[in-house]
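> Shown below is the structure under consideration.
The values are calculated or read from the model by the stated rules, or taken from the named source; none is laboratory data. Model, not experiment: these values are computed from the prediction. In this analysis, Cβ positions are derived from the backbone assuming ideal geometry, glycine residues included, and neighbour counts consider all displayed protein chains.
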Amino acid sequence: MRIFLLSLSLLFLSGCNATQMQTQLEEEKKLQEISLGQKLFFDTLLSKNGNQSCSTCHNPEHGFVDTRDNGVNGAASLGDDLKSIGDRNAPTASYAMFSPSFHYDVKKKAYVGGEFLDGRAHTLKAQAGGPPTNPIEMAIPSKVFMAQRLKNDVIYNATFKKIYGDAIFKDPEKTYEKMTQAIALFESTKEFAPFDSKYDRYLNDEYDLSPLEDLGRTLFFSNNNNNCASCHVLKKEDAARETFTNYRYHNIGVPSNHALMKKNVVDANTFIDHGLLNNPAITDKKYDGKFKVPTLRNIAVTGPYMHNGVFAKLSTVVEFYDKYVNKERTLNPETGKKWVDAEVKVGKEDIKLLRETKALSEKKVKALVAFMNLLTDKKYEHLIKENN
């Protein structure tokens, strides 16, 4: 009996060690993939002419957005051919890992999640695979071309085989898929989401809010004053690790950016960005002009704003929202002219949401901006401009 029990104990311990060993091997492989993903993220090899990498449009030194001017005040990114200009503002890659997979939420009766401004990439991994083969962005001719380029590189050849096996280059589709997987794993590290802003420090009793910041926080979370929290809060007031977006889609009546469209070589008077309706999975026209609610993390340093970069200042964005209920808010402060009509007419549900708020005074506008400044990662705080 004792021998039997001893045998069982040894078997149990052996099983535990095997499990622990397997877990350790998986962790080591994951770390190797993250390291590979980091190298890929910064490598111009992923673009046809070697002119840009993922980090070119998602600069880690500046909130993971494109900081190049390109003649359009940063509203869109320049392509690998150094001529093509996109028609949308590159969203920040920071905190993107928390967006759920694109899906229709039956309870909320709304589309939620995904990557890109129209959710066409269901996951972060799928998003990583989009730019390299996009002819306007990184312009790689095909996945086969990309796989061959990786295979021809001595370091990538050895690294891919070490992590994924010697046969990894026999299937270009799999090679490309593993490339995107590695990049997504790197983009899922703390580097992209440290949660160390002044707001996070405030929650940990490590930072005291100024009177203006405190007013902004009160206004932001108050349903009696405005509707910020309706779209930009996922959890609850002052919850830890809040991403400040509910990942749903709305049309808030953003005007066209004619300067960008002219640079983009399209007819600025007729071009319309249909937002969610551009997602291949969506055909219902009631979703026309809806874009995913962006995170407010690092919002103070990731302008210009809106899907087309039409507004340069964060304060302008707040005033734009305020114009829906404030009769005195008739002029765009950046142009000195009347607000331009929406690119796509706002639907009933969204217009109701926009009008369920109260007019803001100049002090309250500044207070909301002051609060959003608090959401900046510690490493980017020096980039905040006072005139935001």
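Condition check ((1) over 15 Å from ARG88 (Cβ atoms); (2) of a type in the set (D, E, K, R)) across all residues:
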{"site": "THR245", "(1), (2)": "yes, no"}
{"site": "TYR249", "(1), (2)": "no, no"}
{"site": "ALA259", "(1), (2)": "no, no"}
{"site": "ASP273", "(1), (2)": "no, yes"}
{"site": "LEU276", "(1), (2)": "no, no"}
{"site": "TYR287", "(1), (2)": "yes, no"}
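> Something else now. Determine whether region 154-172 contains at least one residue that is under 22 Å from the mean Cα position of the chain (by Cα) and in contact (Cβ under 8 Å) with a residue 60 or more places away in the chain.
no
> Do you know which residues across region 44-59 are in a loop (DSSP other than H, G, I, E, B) and surrounded by 18 or more Cβ atoms within 10 Å (Cβ to Cβ)? Give the steps one after another, and end with the answer.
First, the residues of region 44-59 that are in a loop (DSSP other than H, G, I, E, B): 47-53, 58.
Across region 44-59, the qualifying residues are SER47, LYS48, GLN52, SER53, HIS58.
> Another question, then. Just one of SER230, SER256 is touching a residue at least 12 places away in the same chain (Cβ under 8 Å), in a helix (DSSP H, G or I), assigned by TED's automatic domain parsing to the domain that holds THR335 and hydroxyl-bearing (Ser, Thr, Tyr); which is it?
Result of the check over SER230, SER256: SER230.
> Being acidic (Asp, Glu), part of a loop (DSSP other than H, G, I, E, B) and either modelled with pLDDT under 95 or in the same structural domain as GLY289 (by TED's automatic domain parsing) (or both): is that true of ASP118 here?
On the way: acidic (Asp, Glu): yes; part of a loop (DSSP other than H, G, I, E, B): yes; either modelled with pLDDT under 95 or in the same structural domain as GLY289 (by TED's automatic domain parsing) (or both): no.
Answer is no for this residue.
> Looking only at region 271-302, count how many residues are farther than 30 Å from HIS382 by Cβ and part of a loop (DSSP other than H, G, I, E, B).
So the count comes out to 12.
> OK, next. With respect to ASN388, determine if the residue is in the same structural domain as PHE220 (by TED's automatic domain parsing) and either under 19 Å from PRO91 (Cα atoms) or modelled with pLDDT of 95 or more (or both).
So ASN388 fails the test.
> A further question follows. Please verify whether region 215-225 includes one or more residues that are assigned to a loop (DSSP other than H, G, I, E, B) and closer than 24 Å to ASN59 by Cβ.
no
> Output the number of residues of region 266-284 satisfying the condition of being modelled with pLDDT of 95 or more and in contact with a helix residue (DSSP H, G or I) (Cβ under 7 Å, 6 or more places away or on another chain).
Qualifying residue count, region 266-284: 3.
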